[in-house]
1. Leaving out ligands, DNA and RNA, and with a 1.4 Å probe, what % of the accessible surface on the chain is carbon or sulfur?
2. When the Kirkwood hydrodynamic radius is evaluated over all pairs of different C-alpha atoms of the chain, what value in angstrom, to one decimal, is obtained?
3. Are there DSSP H segments in the chain that both extend 20 Å or more along their axis (alpha-carbon positions) and score a mean Kyte-Doolittle hydropathy of at least -1.0? List them, or say none.
4. With a probe of 1.4 Å, find how much accessible area the chain has per residue, and write the answer as a whole number in Å².
5. If you average 1/r across every pair of different Cα atoms in segment 100-235 and take the reciprocal, what Kirkwood value do you get, in Å?
6. When the helix-only estimate is applied to the chain (DSSP H runs of n ≥ 4, each -39,500 (n - 2.57), divided by the residue count), what is the mean residue ellipticity at 222 nm, nearest 500 deg cm²/dmol?
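The values are calculated or read from the model by the stated rules, or taken from the named source; none is laboratory data. Predicted model, so just to flag it, every value in this text is computed and none were measured. Ligands, DNA and RNA are stripped out before the accessible areas are found, and what is left, the full protein with its side chains, is counted by its heavy atoms. Shrake-Rupley method; radii C 1.70, N 1.55, O 1.52, S 1.80 Å.
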Amino acid sequence: MPAQFAARIERTLEAAAARAETPDAPPKLAAAMRHALFPGGARVRPQLALAVAMACGDDCPELSDAAAASIELIHCASLVHDDLPMFDDADIRRGKPSVHKAFSQPIALLAGDAMIVAAFDVLAREGHFQPGRLAALVGTLARATGVPNGICAGQGWESEEHIELSAYHRAKTGALFRAATTMGALAAGAEPAPWRELGDRIGEAFQVADDLRDALMTSEELGKPVGQDEVHQRPNAVALLGVDGAVGKLKDILGGAVASIPDCPGKLVLTKIVEAQAARLVPAPFATSAA
């Protein structure tokens, strides 16, 4: 991640966490939120939001930072909920105990809920810089979070008897990537529509890559339980296409993602960022094969 992106994202997330740590707040709940947020993963979604904002001029960095952090707060909340025994029953996340293992199931449920609310609070606090952009940002984040096409819908698909794979992937993984590209544009005062395809393609690529990691990597390598798709009988690209087919599909998607980047002043920088993420996503044994 570019150093300037990392500093902006972590500073905004730290401020959000600190607001939950006042003397009159429940200390376990505040600690659970911090546990879920730090240390973070790759912060790919907020990094993408800032990259698009900068490509579009980034004329209001305070709002861009808020948009990026709000997406990461929603993402981290979804991980806390996903790990609960009622869903994936995962004991580890990012190489450490998942929130419900460290703090209890009730606290984990509340921490996830609180981070969802905090995401909208982060946007609201910075909206005064560009009030005309706030409603679109809030609406985009809400749609990426809820139903019918947000991450809640994605989790809900797993309880259905018949699952439509593309709809499942668009909601479970694609929604927040689509939000990242469109909210990055919105925060910078740009038209969001041309950026949706980039978000959709990167989201689809991350889902295929996640399916491959779940099938091929160990828990130690991944920092969370593996084999979960098979255990929970979830649809996935490896089961549908085989390993080589999934790798080929991943490379096709990533090529399309780069090609979809709209013409803009920051296109070259953004292309390099997307290409770097693409290189990271393709499993090492397949990096020079299945081209």
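1. Summing carbon and sulfur atoms, their accessible area is 58 percent of the total for the chain.
2. Answer for the chain: a Kirkwood hydrodynamic radius of 19.2 Å.
3. 3-19, 61-82, 105-126, 131-145, 196-216, 237-260, 267-281
4. 44
5. Hydrodynamic radius (Kirkwood, Cα pairs) of segment 100-235 is 16.6 Å.
6. Computed mean residue ellipticity for the chain: -21500 deg cm²/dmol.
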